[in-house]
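Below is one structure; the comments refer to it alone.
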Amino acid sequence: MARSELQFASEDLQHWKVMEVFRAALRRAVQEKELHPGFQDPDRLLKHADYLALFLFGLFNPVLKTMRALCAASQLKRVQEEVCQRPVSLGTFSEAQHLVDPAHLEKVFKELCSQLPRTGSPASNLTWEQWFARDSSVFAALPRMAWALYGGGHEGAPNRAVRLHLNFNVLEDQPALAEVTIGRVCERKSWEQQWERGAGYVGDRYFSKNYQLFGRLSEKGCAYVLRLAEEATITVLEAIEVSPADRKEGVVRQAWCRLGKGQFESVRVRVVWIEGRQSALMLVTNLTPQALPAARVSMLYRRRWQIECFFKWIKCLLKCRHWLAESQAGVSLQLYLALIAAVLLQLCLGRRPNKRMFELIQLYQMGYATTEEVITGLKREQAREQSRQKTSR
C-alpha cells in the first residue's frame, strides 16, 4: 500500500508541540484521583506528567541513551522549561516507575490513535470495515530482570523477554490496540481477550493452530483470515468455483471444509489455496465468497507484512533495545511510550518517518537544521521512497 503524503507546513515544525499534545492527551485520559497516592504527597516534587514527559523526551532525543543521561539533561534550563519543569535525580526517576500505572498510557495510546486521519483504501467493498493484523514481538530483557524469565534458550540457558501484543489496522497502516506482557504469555490467549465485535483479524499460522478458536470468533461476531500450517488436516465438504479475478491473485482453489478430527474438529470454514512465485499457502476464513472474494482474502493476508515492518521500525528507531527502567511496570511504560511516540510522529507528519526523516527531525530539534532544510529533506526522502516502490513493481 502506498504511504501517506506528508501533511505539514513550516509552522508545524516551528512550533514543535509534541510534548503539549502528549500532556493534553494525558490530562484527558487520566484524572487526578486515579493517580497513585504517592503523587499526592506534598514532598514529591516530580509530578506524574513531568516524569512521563521526560521519559518520552528520552525516546525522541538521539543523545540520551541511558537513565543517567536523561537525568543529567533535566539539569538544563530549556529541558526544564519544555519538558519536566525541574531537575530530576536518579533515585526519583527510578522510583517513579513503580507509581505509574501502565494502563493510563494504554488509554493515552488509544486516544491518540483515534486522532489519526483515515488515509487507507476505502473499505466499503469489504464486509468488515476494520481489519487488524494481529501479532506480537519479543524484546530481550536483562539477566537481572528475573520477572521476565521464561522457558529455555540455547543449551538450556534461560530466556528473559517482554512481549508486545499488537492490533495493526492493515487498511490504514497504523497501530490500533496494544498490550505489554511478560514473554511467556500465550499470544492466542491475549488475542482472545481483546476481540472486538464487528472487527476482522489477519494472522499467521500460530493463530490458526487451535481450531476451537474459529467457532468462538464467529460467536463473538468477528471475521478472520488466518494462514494454515502445512500439516493441517483438511476435510473438503464442498468445492467453490474460482473466478478469473481470483486466479489473477494466485488463487488456485477454494472450498468449504472442516479442520482436524474428532473432538478437535473445527466448525465449517472456507479454505483458500494460493500459489505465489516462490511459495504456496492456505488461508482460512469464516466469510462467504460473496462477502469476501478469494482475491480479497489474498490481498488482506499480503498486507499482514505491515505489522512486521512496524515492529522493526519501533525497535530500530525508538530506542527499544535499551531499557531506561527495568521493573515490569517500567518496561511496560517504555513500550507504551514508544508506541505513543510513533503515533505522535504520524500525527505531526501525516505518516511514519523512515530513518533518514527521523534523523532530520532530530537534527532540527538540536538546532543543526533549519525549517526549510527539514521540509525539503523530508519531501526528498518521500520522493525517493515512491521512486523505489515504482521500480520494485
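The values are calculated or read from the model by the stated rules, or taken from the named source; none is laboratory data. None of the values given here were measured: they were computed from a predicted structure. Methodologically, a virtual Cβ is constructed for each residue, glycine included, from the backbone with ideal geometry; neighbour enumeration extends over all protein chains shown. Ligands, DNA and RNA are excluded from the accessible area calculation, which covers all protein heavy atoms including side chains. Shrake-Rupley method; radii C 1.70, N 1.55, O 1.52, S 1.80 Å.
Values as computed for the structure displayed
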item: Label-to-label distance, nm, for residues given as ARG216 and LYS315 (7 Å Cα→Cβ offset); result: 2.8 nm
item: Burial ranking of peptide ranges 36-42, 191-197, 350-356 (average Cβ count within 10 Å, highest at the top); result: 350-356, 191-197, 36-42
item: Residue-by-residue Karplus 3J(HN,Hα) for segment 29-45, coefficients 6.51, -1.76, 1.60, Hz, glycine and proline x; result: 8, 10, 7, 4, 5, 7, 6, 4, x, x, 7, 8, 5, x, 7, 8, 8
item: For segment 220-264 versus segment 322-393, the gap between their alpha-carbon centres in whole angstrom; result: 40 Å
item: Heavy-atom surface of segment 252-354, accessible at 1.4 Å and reported per residue (Å²); result: 38 Å²
item: Debye, to nearest 20: dipole size of the chain, +1 on Lys, Arg Cβ, -1 on Asp, Glu Cβ; result: 780 debye
item: In nm, spacing of pseudo-spin labels at ALA140 and SER387 (7 Å Cα→C-beta vector); result: 3.7 nm
item: Length-normalised contact order of the chain in % [C-alpha pairs under 8 Å, at least 6 apart]; result: 18 percent
item: Theoretical FRET efficiency, 1/(1+(r/R0)^6), r = Cβ-Cβ of GLN40 and LEU90, R0 25 Å, to 0.05; result: 0.60
item: C-alpha long axis of helix 102-113 to longest principal axis of the chain, angle in °; result: 70 degrees
item: CD proxy at 222 nm, helix term only [per DSSP H run n ≥ 4: -39500 (n - 2.57); per residue of the chain; nearest 500]; result: -12000 deg cm²/dmol
item: Farthest toward positive dipole pole in the chain [+1 Lys/Arg, -1 Asp/Glu at C-beta], among GLN254, PHE264, GLN362; result: GLN254
item: Reachable lysines, given that their alpha-carbon falls under 25 Å from the alpha-carbon of LYS248 and they are not under 8 places away in the same chain; result: LYS390
item: Additional length obtainable on full extension of the chain from THR370 to VAL236, 0.36 nm per residue less Cα span; result: 41.9 nm
item: Theoretical gain in end-to-end length, SER114 to LEU281 [0.36 nm per residue, Cα-Cα removed]; result: 56.7 nm
item: Residues whose placed amide H lies under 5 Å from that of ALA141, excluding near-sequence neighbours; result: ARG160, ALA161, VAL162
item: Distant-in-sequence amide H partners of GLN254 (H built 1.01 Å from N, under 5 Å); result: ILE240, TRP273
item: Filter on LYS47/LYS77; LYS107/LYS312; LYS220/LYS312; LYS110/LYS315; LYS47/LYS189 - keep pairs with C-alpha separation over 27 Å; result: LYS220/LYS312; LYS47/LYS189
item: Selection from ASN286, SER243, HIS98 lying farthest towards where the dipole of the chain points positive, charges on Cβ; result: SER243
item: Karplus 3J(HN,Hα) series, Hz, for segment 300-314 with 6.51 cos²θ - 1.76 cosθ + 1.60 (x for Gly, Pro); result: 4, 5, 4, 6, 4, 4, 4, 6, 5, 5, 5, 4, 4, 4, 4
item: Structure-derived mean projected area of the Cα convex hull in nm² - corresponding label in (i) 20.1; (ii) 28.7; (iii) 22.4; result: (iii)
item: Antiparallel bridge percentage (DSSP; both residues within the chain; nearest 5); result: 85 percent
item: Sparsely packed chymotrypsin sites (Phe, Trp or Tyr not before Pro) within segment 333-393, loop by DSSP, other Cβ within 10 Å at most 10; result: TYR368
item: Backbone HN-Hα couplings from phi across segment 138-150 [Karplus 6.51/-1.76/1.60, Hz, Gly and Pro as x]; result: 9, 10, 5, 9, 7, x, 7, 8, 4, 4, 8, 5, 7
